[in-house]
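Rule-based calculations on the coordinates, nothing more; no lab input. These numbers come from a predicted model, not from an experiment. In this analysis, Cβ positions are derived from the backbone assuming ideal geometry, glycine residues included, and neighbour counts consider all displayed protein chains.
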Ligand code: GLU
């Protein structure tokens, strides 16, 4: 028997198939011309960080724009990064943002799609088959170096100021004879499988990145590890090449931390004679620190880095997606301005519009997008989504809303169906603060903001006169006319211009009067349209609240001049 065959059989006694067999099992996909196949390939850590949500969202969009396929592959060859139910957690985070993979894992154990298994721990036989063929072709070999020996090589390299790594003459096991290797394996020595790199570090290669354009690299000459020693699981490099080839990925979009390994992956694709997919290396997602420096958005330090945060805050997923697209493609905002009523699906994602230098994550901007988004929703939609949010995070508020459905919808409709709708609400969690006073349950002990008029007797006169003689809610014009009539009667100016000319002639002006009415009814000095609020509260509640307010006041000297 050929020596290499003997070595390969010894290393992989259970491999029965060949690469050719797998090429048949996973044929080229029959998709329409130009359709892209992308993937999201996280470790099963149970959650998605905002940075990885952005790349999943981009991958999804890149595939969907071309009627392609987006799949979820779980990379669990590093057991340290696996947690219980880690896949379901990821799927939920994606689902919360409508990112539903076409293929891949659907829970901890099951998957859909014809290109699986979609979890690396179940692909052992495939990796071994591919690795065996490399051994047979002389492109891979067992390496028996112990950690101490690798350390020694490193020390020598550092001492002689040489490039660090396992390559060329430093790659000790490269020159072991096949017989020696066979002997060591038979005697039970531990080994890893390394690539026998055919590269020359002094030769340059040009690789294309969809985001950064052409990049020049030295050829790879590192004999990198393909299969790890203990469990013979693949390294990222090897699994990436085998998986993305067999799953027929057309576009690999991944973090920029993988750029340095690009020549290794290119070389492996060359050795196998596989078609190289397109690569897009995505920049880091960063934030500006309190002290003005840019740093990576960190799951540990930044609450906005976790996708859970948006769920809890009640930021609509649509707003998060609009923001993600804003930072993903630099021309998106302009497109949205020109196509305000189009859906995100109509925007075509462009690799050239991705920032190569990374993305700045600005949570304030996201809030602003959310504000604008919420201002454009109907009162009914706000109500429905708020109830869903509140059921999970503020059940008491949810039941109040459900017991007062029509009333609540009317509240949310104040200043909504107008040309420039009011933009108070940032998120579902912020709404209660803007509407609490409309519900008696939240108006038991209000903290009244102070008004220009603070004399108890004067306030009493204003509110009592108003309720007895001038309260008219039939329509807004009449309502205001009456307020002004009373203003004049009580010695205040109903005409602001007139007041500005001769302030000494008046006790104050109409806004001081409405200020008192507003605070009495809502406790706030700033609210949406007072007439609308009063109409919804109705006469009975108005009277109750006037009395409550008057009773809450202590006797103070008027500040009016
Ligand atoms: N599991 C790798 C990571 O999380 C995936 C990189 C890739 O997309 O190829 O970094």
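A full extension of the chain between residue 177 and residue 496 corresponds to an added length of 104.9 nm, given 0.36 nm per residue minus the alpha carbon distance.
Rounded, prolate or oblate, given the Cα gyration tensor of segment 283-330, with a/c below 1.5 counting as rounded? Don't skip to the end; give the middle numbers.
Numbers: a/c = 2.36, a/b = 1.28, b/c = 1.85.
Judged from the Cα gyration tensor, segment 283-330 comes out oblate (a/c at least 1.5, b/c at or above a/b).
Once R0 is set to 56 Å, what does the formula 1/(1 + (r/R0)^6) return for the Cβ-Cβ distance between residue 215 and residue 432, expressed as a FRET efficiency to the nearest 0.05? Spell out each step's value before the answer.
Numbers: r = 52 Å, r/R0 = 0.92.
The calculated FRET efficiency here is 0.60.
For segment 161-283, which semi-axes, largest first and in whole Å, follow from the square roots of 5 times the eigenvalues of its Cα gyration tensor?
Details: eigenvalues 163, 64, 29 Å².
Each semi-axis is √(5λ); the values are 29, 18, 12 Å.
How many percent of DSSP beta bridges within the chain run antiparallel, rounded to 5?
Details: 20 of 36 bridges.
Of all bridge pairs located within the chain, approximately 55 percent are antiparallel.
One decimal place: the segment residue 552-residue 207 gains 116.7 nm when fully extended, by the rule 0.36 nm per residue minus the C-alpha distance.
Beyond 26 Å, what share of the Cα-Cα pairs of segment 1-121 remains, rounded to the nearest whole percent?
Working: 2415 of 7260 pairs.
More than 26 Å apart: 33 percent of the Cα pairs in segment 1-121.
Here, segment 470-561 is characterised by an Rg to Rh ratio of 0.97, where Rg is the alpha-carbon radius of gyration and Rh the Kirkwood radius. The listed peptides 414-425, 312-323, ordered by packing as a protection proxy, come out as 312-323, 414-425 (highest mean of other Cβ atoms within 10 Å first).
Strictly greater than 19 Å: what percent of every Cα pair in segment 208-265 meets that? Mind dumping the intermediate values first?
Values: 628 of 1653 pairs.
The answer is 38 percent, as a whole percent.
Provide Rg over Rh for segment 131-170; use the alpha carbon set for both Rg and the Kirkwood Rh (inverse mean inverse pair distance).
Values: Rg = 12.8 Å, Rh = 11.6 Å.
That ratio is 1.11, to two decimals.
Counting other Cβ atoms within 10 Å as a rough exposure proxy, the listed residues 224, 87 run 224, 87 from fewest neighbours to most. Stokes-Einstein, applied to the Kirkwood radius of segment 304-439 over Cα pairs at a viscosity of 1.002 mPa s and 20 °C, places its translational diffusion at 133 µm² s⁻¹. Label sites at residue 303 and residue 468, each approximated as a point 7 angstrom past Cα along Cα to Cβ, lie 5.0 nm apart.
The overall shape of the chain, judged from the alpha-carbon gyration tensor, is prolate: a/c is not under 1.5, and a/b is greater than b/c.
The Cα atoms of segment 417-540 cover 47, 35, 27 Å along the three principal axes, with the biggest extent listed first. Under 18 Å from a label point set 7 Å out along the Cα-to-Cβ vector of residue 290, the amide N atoms of segment 347-379 belong to 363-364. Using 1/(1 + (r/R0)^6) with R0 = 35 angstrom and r between the beta carbons of residue 163 and residue 257, what's the FRET efficiency to the nearest 0.05? Given R0 = 35 Å and the Cβ-Cβ separation, E is 0.95. Approximating the spin labels as points 7 Å out from Cα along Cα→Cβ, the residue 417-to-residue 98 distance works out to 2.4 nm. Among 539-552, 231-244, the peptide with the highest mean count of other Cβ atoms within 10 Å heads the list, and the full ranking is 231-244, 539-552.
Report the gain in length on full extension from residue 278 to residue 396: 0.36 nm times residue separation, minus Cα-Cα distance, nm rounded to one decimal. Walk me through the numbers on the way to the answer.
Details: separation 118, 0.36 × 118 = 42.48 nm, distance 5.20 nm.
Computed gain between residue 278 and residue 396 is 37.3 nm.
Placing a pseudo-label 7 Å from each Cα along the Cα-to-Cβ vector at residue 23 and residue 384 gives an inter-label distance of 5.2 nm.
With the highest mean first, a sort of the peptides 498-504, 97-103 on other beta-carbon atoms found within 10 angstrom per residue produces 97-103, 498-504. Estimated from helical segments only, the mean residue ellipticity of the chain at 222 nm is -13000 deg cm²/dmol, where each DSSP H run of four or more residues counts as -39500 (n - 2.57).
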